[in-house]
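The structure appears right after this line, and notes come after that.
The values are calculated or read from the model by the stated rules, or taken from the named source; none is laboratory data. Every value quoted in this text rests on a predicted model; they were computed, and no experiment measured them. All Cβ positions, even for glycine, are placed from backbone atoms using ideal geometry, and neighbour counts span all protein chains on display. The protein model used for the area step is the full one, side chains on, heavy atoms only, and it has no ligands, DNA or RNA in it. Shrake-Rupley method; radii C 1.70, N 1.55, O 1.52, S 1.80 Å.
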Amino acid sequence: MAFRYETPSKTASVVWDLDYEWGDREWIGRRRNNNALDAPIAIYEVHLGSWRRVRENSFPLSYRDMAVQLTEYVKEMGFTHVEFLPIMEHPFFASWGYQTTGYFAPTSRYGTPQDFMYLVDQLHQNGIGVILDWVPSHYPTDEHGLGYFDGTHLYEHADRRKGFHPDWGSLIFNYGRNEVRSYLISSALFWLDKYHADGLRVDAVASMLYLDYSRQNGDWIPNQYGGKENLEAMGFLRRFNEEVYRNYPDVQTIA
């Protein structure tokens, strides 16, 4: 649960404080109205690594560069919210962030945690909400991540019929474990707390809900009633929503 990692392809955790002086009190104060289910919302989806490049060297923009250029563009185009493809740390750039290893760390590719806070802060100060893609459905097998964490199947199911995703070559969380549910819900609340996110868009929900998702007959295990529904994942999503809205009633969760 590092707050920062070395820039990929390096993989070490970095000790880091999360101190930051926010300037978005006005936005947070009126978020209940701006973020309401009956408010007009237009969402601009952005992958930070490819939205716009530095002209001189074709490098991606930094979080602080984005704070200026993206804010100006979104305001000009009339969007109310920005949705970032996963900014949580990930080893494989071409996954667009959907193969997460750092569930508590924004990727260091574009700057420090405070730099990302500054980006969110600037969007908020300009009246723009921030939604984060969040991936509690599966995670990569990289050794520095959660897979086989202590040499055992700690976070994932040991049986590959429940613990391995055939399409993505990734591992599937064991939602039946209290510790795993706690870890993921803690991650969700962390982004709403420390990074002032206004919503979480949960990725690959269908793959979580159905035990036979992308599997042939004989390659999946029915639930206790003989059905294909993943009852443990359903219980997790229910608890996730309860905790999010109990603590942050003016945000939104999105499937």
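Answer yes if at least one residue in the stretch 187-196 is of a type outside the set (G, A, S), over 19 Å from Y5 (Cβ atoms) and open to solvent by 60 Å² or more (accessible area, probe 1.4 Å), and no otherwise. Yes: one or more hits. Of all positions in the stretch 73-81, at least one carries a residue that is touching a strand residue (DSSP E or B) at 6+ places or on another chain (Cβ under 9 Å), open to solvent by 10 Å² or more (accessible area, probe 1.4 Å), on the phi < 0 side of the Ramachandran plot and not hydroxyl-bearing (S, T, Y).
Can we say L123 is closer than 30 Å to N34 by Cβ and either within 17 Å of the chain's Cα centre (by Cα) or acidic (D, E) (or both)? Show your work before the answer.
Details: closer than 30 Å to N34 by Cβ: yes; either within 17 Å of the chain's Cα centre (by Cα) or acidic (D, E) (or both): no.
No.
Is it fair to say M234 is outside any loop (DSSP other than H, G, I, E, B) and open to solvent by less than 30 Å² (accessible area, probe 1.4 Å)? Lay out the reasoning, then the answer.
Details: outside any loop (DSSP other than H, G, I, E, B): yes; open to solvent by less than 30 Å² (accessible area, probe 1.4 Å): no.
It is false that M234 is outside any loop (DSSP other than H, G, I, E, B) and open to solvent by less than 30 Å² (accessible area, probe 1.4 Å).
If I ask for residues that are surrounded by 15 or more Cβ atoms within 10 Å (Cβ to Cβ), out of contact with any His (no Cβ under 8 Å at 6 or more places or on another chain), modelled with pLDDT of 95 or more and not in a loop (DSSP other than H, G, I, E, B), which ones from the stretch 14-44 would you list? Those that are surrounded by 15 or more Cβ atoms within 10 Å (Cβ to Cβ), out of contact with any His (no Cβ under 8 Å at 6 or more places or on another chain), modelled with pLDDT of 95 or more and not in a loop (DSSP other than H, G, I, E, B): V14, R31.
Checking the stated criteria, T107 turns out not to satisfy the condition of being among the β-branched types (V, I, T) and open to solvent by 10 Å² or more (accessible area, probe 1.4 Å). Looking at the stretch 45-54, is at least one residue within 19 Å of Q252 (Cα to Cα), within 19 Å of the chain's Cα centre (by Cα), open to solvent by 40 Å² or more (accessible area, probe 1.4 Å) and at pLDDT 95 or above? Yes, because at least one residue in the stretch 45-54 is within 19 Å of Q252 (Cα to Cα), within 19 Å of the chain's Cα centre (by Cα), open to solvent by 40 Å² or more (accessible area, probe 1.4 Å) and at pLDDT 95 or above.
Would you mention how many residues in the stretch 145-174 are under 19 Å from the mean Cα position of the chain (by Cα) and either open to solvent by 70 Å² or more (accessible area, probe 1.4 Å) or of a type in the set (A, V, I, L, M, F, W, C) (or both)? So the count comes out to 5.
Anything in the stretch 55-68 that is open to solvent by less than 80 Å² (accessible area, probe 1.4 Å) and under 16 Å from T112 (Cβ atoms)? List them, or say none. Lay out the reasoning, then the answer.
The initial filter retains those residues of the stretch 55-68 that are open to solvent by less than 80 Å² (accessible area, probe 1.4 Å), namely 57-58, 60-63, 65-68.
Matches in the stretch 55-68: P60, L61, S62, Y63, D65, M66, A67.
Of note, D212 does not satisfy the criterion of being of a type in the set (D, E, K, R), farther than 23 Å from I43 by Cα, more than 26 Å from the chain's Cα centre (by Cα) and in a loop (DSSP other than H, G, I, E, B).
Residue check: is L171 in a strand (DSSP E or B) and over 24 Å from I131 (Cβ atoms)? Judged against the criteria, L171 is a match.
Here L85, L119 are screened, and the one residue that is in contact (Cβ under 8 Å) with a residue 12 or more places away in the chain and in contact with a strand residue (DSSP E or B) (Cβ under 8 Å, 6 or more places away or on another chain) is L85. What residue, of R201, R177, R181, is in contact with a helix residue (DSSP H, G or I) (Cβ under 6 Å, 6 or more places away or on another chain) and open to solvent by 40 Å² or more (accessible area, probe 1.4 Å)? After ruling out the rest, the residue left standing is R181.
Candidates S207, S214: the one that is in contact (Cβ under 8 Å) with a residue 40 or more places away in the chain, farther than 26 Å from G129 by Cα and exposed (fewer than 15 other Cβ atoms within 10 Å of the Cβ) is S214.
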